[in-house]
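Beneath this line is the structure, given in C-alpha cells, with notes to follow.
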Amino acid sequence: MNSLVLLMIAVVVFAFGYRFYSKLLGLGVFRLGKDYYSTPSPDRPAAEKPGTFGRHLIFGQHVASLAAGTAVTGCITSLIWGWVPAFLWAVVGTVVAAGTYGLGALWLSLRYPGRNPAEIAARLLGSPAHALFALVVFLLLLIMNAACATLAAQLLAAFPASVLPFWIITAMALFLGNFLRGREDFEIIPATLIALTLSLMVVWLLGNHPLSFTGALRLETAESYFPFDATVVWVMLLFAYGYYVTRLPMWKLMRPRGYLTALLLGTALFIFYTAVMIDQPSLVAPEFHAGPGIPDTLPWLFVTLTSGAVAGFHLLAANAVTVRQMKREADARYIGYGGALALGLLALSAIIIGSTGLPNVQDWNQRYASWETFMDLHTVLELYINGFARHAAGLGLDLAFARSLMAVVIIGLLIATLETGLRAQKQLLAGLTERYPAFVPGNEKALIVTAVGLSALLALHDGHGRGGLMLWPLFGVADQLLAILGFALLAVALRRLERPVSAVFLPLVFLLVTANWGLGVLMTQWWSDNRWILLMLGILLIATELGVTFLTLNALKSPRSPQT
C-alpha cells in the first residue's frame, strides 16, 4: 500500500468533516452565535479587539496544548494491531468523535464562563457531581503533568542539539507576546512570518551546539542516595518554568509560545507530507497484526489511541485556556473542530512514519513482536523524530537539522500540554477553595505552588524523574472516562435546550463500552500482578463513573436544572 493513498483518503474525509459535518454541528446542534462578545477573564487584556487573525493565535495555542505528544505515542503503538485499524480509528474517530467533542467543549465552557468542568457538572447534574468530576480531573492532570515533564526531560537529554533552540524560541515568544498585545491584524501577520523565520534560523544555527548534562550527582545519606542525572535536572527545571509561566497572564508567554510551536509543527508537517507526495513510500506494516505477546484489538486500540482520536483532556484545554481568550462563539467550529483535525494530521503522520520506518516486513514484525517494546514512551517519540528526519532528508534537508526541528516541536508540544495542565489544575484548586476554604489554600500563589508541587512530587518520587510514567497504564482509560463525562455534560446541556443529542450520545455509548471493557481487563491484570495502587485507582474511577452516570440519567429525565 502506498502511503500517499492514506494521505489522500484522510484529506478528503477531513475536508468533508469540516465542510459539512462541523457545519451541521454548529448550525443544527450547538447553534453557535455569530455576534462578538466579551468572556469575563483576567487573561485577556482590555486592549485586545475582535479581529480575524486573533482567532488564529488562539487556534495555534489550542492545537499545541491538546496532548499532541501522547497522540504520537498512541498512534505508533496502535500499529501493533496493523495499519488498517489504527488508520480507520484515527481518521473516523477524529471526524465523528474528536471534532464533536472539541467543538462541544468550547460551546459548553462558553455557556458557563469562568467555571471549571467540575463546577459546570454541579450546575447541570447537581452538587454531588462536583466532587466526582474534580476527582477524575485531578487524577488525570497529575498523571499528565508528571508524564509530560518526564518525556520532555528525556527528549532534552536524548537530543542535546534541541536544547538551545527550544529555550531561545521560548525567550523569543516572550518578546512576541508583548509585541502582539493589542496589535492590529496587519501588524500581526508580518510579525508571525518574522518570528517563524527566526525560529527556523535558530534551529539551523544552534543545532550544531548541543547542550547536555553528563554524569550523575549522587547525594548519599546513611541508607540511600538520590541521583541527579539529566532527566531529574530537566524535570526540576521544567516545573520551575511551569511555576513561572502559570503566574503570568496567558498573552505574555503561554499563548505566543504555543502559537510558535504550532507554526513550527505546521512547517514540519508540510515538509513531511511534501516528502510523502514526492517519495510515496510504501507501507511495510501489515494491514492486520496479532501475536502471542499482543493484546486483543478490542478494546485496546481505542484505549491506546485516545489522544489521536478523542481525548477527555481536550475539555480541560478548552475550558482552562482556549475559551478564556475567544471573542466569538462561532469561532468554536474553527478552533474546536479544526483543532481536532490538525491533531488528526499529526496522528496520521505518526501512523505513516511507524508503517514505513523499517526496511521490510520482517524487521517490522520483529520491532512489533511484543507489547512491552512500547512501554518506554520516550523511545517511541525518538522513533517518530528520527523517522521524520529520514523523510525530510529525502527532500534534501540536512538530517541533523530535520531531527533537531522535530525534537524542538515535540518538546514544545509536551511543554504546552504541561502549561495547560498546570493552569487547569490551578483553576480546579481555586474552585475547591470556594467550596472547602478550610482545606485548600486560597491565594493564587499558594494554588500554583500546590499544583506544581504535587505534579513535581509525582514525577520525582522514584528518584529518577520518571514517577509519573508508573501510573501511565491508567492514563488511557482515565482520559476516555473523562471524555465520557464530558459527552454526558454535553448531552444534558443539549437536552435542556431541547436540541438533538444523537451527535454526542452515539460517541458517548461507544466510549462507555470500550473504556469500561479496557478498565475491567486492566483491573483483572492488576489484581493478578498485586499492583494494588493501580487497582484501587481503577475501582475509584469506576465508582466515579457510576455516580456520574446515575446523575446524568436523572438529569436527562428532569426538565429542570438541579439546584447547586
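The values are calculated or read from the model by the stated rules, or taken from the named source; none is laboratory data. Note that the structure is predicted; figures quoted are calculated from it, not measured. Reconstructed Cβ throughout: ideal geometry from the backbone, glycine too, with neighbour counts over all protein chains shown. Calculation scope for accessible area: heavy atoms of the full protein, side chains included, ligands and nucleic acids excluded. Shrake-Rupley method; radii C 1.70, N 1.55, O 1.52, S 1.80 Å.
With n ≥ 4 as the cut-off for DSSP H runs, can you work out [θ] at 222 nm for the chain, using -39500 (n - 2.57) per run divided by the number of residues, rounded to the nearest 500? Mind dumping the intermediate values first?
Working: 21 runs with 372 residues, N = 564.
The per-residue figure over the chain is -22500 deg cm²/dmol.
Determine the principal axes of the Cα atoms in the chain, then give the extent along each, sorted from largest to smallest and rounded to whole angstroms.
Extents along the principal axes: 62, 62, 59 Å.
Using label points projected 7 Å from each Cα along Cα→Cβ, tell me how many nm separate Tyr436 and Asp279, to one decimal.
In this crude label model, Tyr436 to Asp279 measures out at 5.3 nm.
Could you give me the ³J(HN,Hα) list for the range 481-496, computed from phi with Karplus coefficients 6.51, -1.76, 1.60 and θ = phi - 60°, whole Hz, x at Gly and Pro?
Once θ is set to phi - 60°, the couplings for the range 481-496 become 5, 5, 4, 4, 5, x, 4, 4, 5, 5, 4, 5, 4, 5, 4, 5 Hz.
How much accessible surface area, in Å² rounded to 10, belongs to the heavy atoms of Glu372 with a 1.4 Å probe?
Its accessible surface works out to 130 Å², give or take rounding.
Determine, from the Cβ-Cβ distance of Leu395 and Ile194 and an R0 of 25 Å, the FRET efficiency 1/(1 + (r/R0)^6), rounded to the nearest 0.05. Please report the intermediate quantities before stating the final value.
Numbers: r = 24 Å, r/R0 = 0.97.
The calculated FRET efficiency here is 0.55.
Would you mind getting the accessible area per residue of the chain, heavy atoms of the protein chains only, 1.4 Å probe, in Å²? Please report the intermediate quantities before stating the final value.
Details: 21610 Å² over 564 residues.
It amounts to 38 Å² per residue over the chain.
Note down the magnitude of the dipole of the chain about its Cα centre, charges +1 on Lys and Arg C-beta and -1 on Asp and Glu C-beta and zero elsewhere, to the nearest 20 debye.
Details: 35 positive and 28 negative charges, 394 e Å.
It comes to approximately 1900 debye.
Going by accessible area, probe 1.4 Å, with all protein chains left in place, what is the ranking of Ser349, Ser558, Ser502, largest first?
My answer, sorted largest first, is Ser502, Ser558, Ser349.
Could you sort Thr70, Thr379 by accessible area so the largest value comes first, with the probe set to 1.4 Å?
On the way: Thr70 15, Thr379 60 Å².
Largest to smallest exposure gives the sequence Thr379, Thr70.
For His464, His314, give me the order by solvent-accessible area with a 1.4 Å probe, most accessible first, ignoring ligands, DNA and RNA. Intermediate values should be presented prior to the final figure.
Values: His464 70, His314 10 Å².
Of His464, His314, the descending order of accessible area is His464, His314.
Which residues does the label zone of Ile539 cover in the range 105-133, counting backbone N under 20 Å from a point 7 Å along Cα→Cβ?
Counting backbone N atoms under 20 Å from the label point, the list is 132-133.
Report the accessible area of Arg367, computed with a 1.4 Å probe over the heavy atoms of all protein chains in place, in Å² rounded to the nearest 10.
90
Keeping all protein chains in position, work out how much accessible area Thr274 exposes to a 1.4 Å probe, and write it in Å² to the nearest 10.
Accessible area, nearest 10 Å²: 30 Å².
How much length is gained if the chain between Trp527 and Asn360 is pulled fully straight, taking 0.36 nm per residue apart and subtracting their Cα-Cα distance, in nm to one decimal?
Working: separation 167, 0.36 × 167 = 60.12 nm, distance 3.90 nm.
Contour length minus Cα-Cα distance gives 56.2 nm.
Once you put a point 7 Å from the Cα of Met8 and another 7 Å from the Cα of Tyr244, both along the Cβ direction, what distance in nm separates them?
Computed distance between label sites Met8 and Tyr244 equals 5.0 nm.
What list of ³J(HN,Hα) values in whole Hz, one per residue of the range 520-536 in order, does the Karplus curve 6.51 cos²θ - 1.76 cosθ + 1.60 (θ = phi - 60°) give from phi, with Gly and Pro shown as x?
Each residue of the range 520-536 in turn: x, 5, 4, 5, 4, 5, 5, 4, 5, 8, 6, 9, 6, 5, 4, 4, 5 Hz.
How high is the FRET efficiency from Val509 to Thr373, r the C-beta distance, R0 41 Å, rounded to 0.05? All intermediate terms of the calculation are to be shown ahead of the outcome.
Working: r = 33 Å, r/R0 = 0.81.
After rounding, the FRET efficiency stands at 0.80.
For the chain, what is the relative contact order in percent, using Cα pairs closer than 8 Å and at least 6 residues apart in sequence?
Details: 884 pairs, mean separation 181.2, N = 564.
Taking the mean separation of contacting Cα pairs over the length of the chain, I get 32 percent.
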